[in-house]
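The block underneath contains the structure these notes are about, expressed in structure tokens.
Quick note: the coordinates plus some simple rules give every number you see, no bench work behind them. As the structure is a computational prediction, the values presented were derived from the model and not from experiment. Neighbour counts are summed over all protein chains in view; Cβ atoms, including those assigned to glycine, are modelled from backbone coordinates with ideal geometry.
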Amino acid sequence: MTYRITGIDPAPYRHLHGLSDEDLAKEGVVRMTVTDRTFPCRVSLTDRDIGETVLLVNHVSHDVANPYRASHAIFVTQGAEEPAEFIDRVPPVFEPRILSLRGFDKDGMMEEAILAQPGEADAAIRKLFDNPAIDTIHAHNATRGCFAAKIERN
């Protein structure tokens, strides 16, 4: 069994690049300066460098017509052009974090969920995909609960 982890599509956020803070606020977006290693970009799946600016946006991570529909605040890097892709390995941004991994079936209903401690994400993903009913997995950072990445069977 193999899997693929991808960053989010940056296209819906490109129009925000270069806007003033006032115009961003009208869109419900906040520009922030990275002050520590807790600003992971959801496009590149990397922790951003101290001093860099990122946009804090609301992102619908599970757009389904059932009670599991979900959205939350995430960071995107201004200028990120292509979503990251990791095949059969986890992005470095997963390694230091406790992750909530939520397995969903083809109808977007949650089948199973587990916590992965730092360094355990790969094994936890493979364990969830042992369940044939699980179509996709959503990784969330456990401490803030925000969406980290989508994981699909490859």
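Quick notes on this structure:
- Binned Cα-Cα distance frequencies in the range 24-98 - 5 Å width, integer %: 3, 15, 21, 22, 21, 12, 5, 1
- FRET efficiency for residue 69 and residue 4, using Cβ-Cβ distance with R0 set to 22 Å, rounded to 0.05: 0.45
- Extension reserve of the residue 23-residue 153 stretch, reckoned as 0.36 nm per residue once the Cα distance is removed: 42.9 nm
- The gain in end-to-end length when the residue 109 to residue 53 segment is fully stretched comes to 16.6 nm, 0.36 nm per residue minus the alpha carbon separation.
- Estimated 222 nm signal from helices in the chain, with DSSP H stretches of n ≥ 4 weighted -39500 (n - 2.57), rounded to 500: -2500 deg cm²/dmol
- Spacing of the two label points (7 Å from each Cα toward its C-beta) at residue 37 and residue 127, in nm: 2.4
- Whole-Å distance, taken between Cα centres, linking the range 97-152 and the range 52-87: 16
- Note on the range 37-154: semi-axes of the ellipsoid equivalent to its C-alpha gyration tensor, largest first and rounded to whole Å, are 23, 17, 12.
- In the chain, a dipole from Cβ-located charges (positive for Lys and Arg, negative for Asp and Glu) runs towards its positive end, and of 109, 33, 43 it is 109 whose Cα lies farthest in that direction.
- About its Cα centre, the chain has a charge dipole of approximately 200 debye under the convention of +1 per Lys or Arg Cβ and -1 per Asp or Glu Cβ, with nothing else charged.
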